[in-house]
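Engineer: I have a structure here, written as structure tokens, and I will follow up with some questions on it.
The values are calculated or read from the model by the stated rules, or taken from the named source; none is laboratory data. Note that this is a predicted model, so its numbers are computed, not measured. Every residue, glycine among them, receives a Cβ derived from its backbone with ideal geometry; neighbour counts consider all protein chains shown. What goes into the accessible areas is simple: the full protein's heavy atoms, side chains included, and nothing from ligands, DNA or RNA. Shrake-Rupley method; radii C 1.70, N 1.55, O 1.52, S 1.80 Å.
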Amino acid sequence: MAIPSGSGTEVLKRAHHEFSGNSTTSPGDDYKILDGVANHIYTILSITCFNTYPGARTFIINVTEAGGTNRRTILKTSVGQDETFIFNDKLVLSGTDELWLHINGNAGHWWVSYIDQDWS
């Protein structure tokens with residue numbers, strides 16, 4: 001993506017996804033929570049996950065780079081039953097990068113807070 005030279009917008013946004021074992025919207029353990037768009041820059045402010053499964057589960061944050069097919073793991077952590085984990089490191093995605101979330105056992109809530117800079 002070229003360096004922006006014109007005017008654009010900057011909006012604070014959030015995304016949420018609930019994994020549940022019998023959900024038709026979560027057929028697997030992976031979910032693309034942010035599907036990047038060309039000429040956008042996304043600054044991830046925080047990712048919060050809450051485990052609703054009766055036992056510890058592994059939560060994974062993955063990124064697919066623009067035009068790529070391989071997911072790269074950013075974080076992998078175990079979260080106990082009825083516990084919350086917060087990822088507060090800043091993460092910048094641009095263009096058509098994708099942010100994927102994973103939980104083994106398919107039971108939990110994810111909240112992602114981010115800034116969307118639109119230069120289109």
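Engineer: Counting only protein heavy atoms, what percent of the accessible surface of the chain is carbon or sulfur at a 1.4 Å probe? Don't jump to the answer; show the numbers that get you there.
Structural biologist: Details: 3190 of 6650 Å².
Of the solvent-accessible surface of the chain, carbon and sulfur hold 48 percent.
Engineer: Express the accessible area of the range 68-117 per residue in Å², computed with a 1.4 Å probe while the remaining protein chains stay in the model. Write down the numbers at each step before the final one.
Structural biologist: Working: 2640 Å² over 50 residues.
Per-residue accessible area for the range 68-117 comes out at 53 Å².
Engineer: Regarding the chain, what is the average projected area of its C-alpha convex hull, in nm²? Working shown, then result.
Structural biologist: Numbers: hull surface 29.8 nm².
Seen from a random direction, the Cα hull of the chain projects 7.5 nm² on average.
Engineer: Right, another one. D82 to I115: extension gain in nm, 0.36 nm per residue of separation minus the Cα-Cα distance?
Structural biologist: Details: separation 33, 0.36 × 33 = 11.88 nm, distance 2.83 nm.
Gain on extension, D82 to I115, equals 9.0 nm.
Engineer: Going highest first, how would you order 79-85, 58-64 by mean Cβ packing within 10 Å? Show your work: numbers first, answer last.
Structural biologist: Values: 79-85: 13.3, 58-64: 19.0.
Ranked by mean Cβ neighbours within 10 Å, highest first: 58-64, 79-85.
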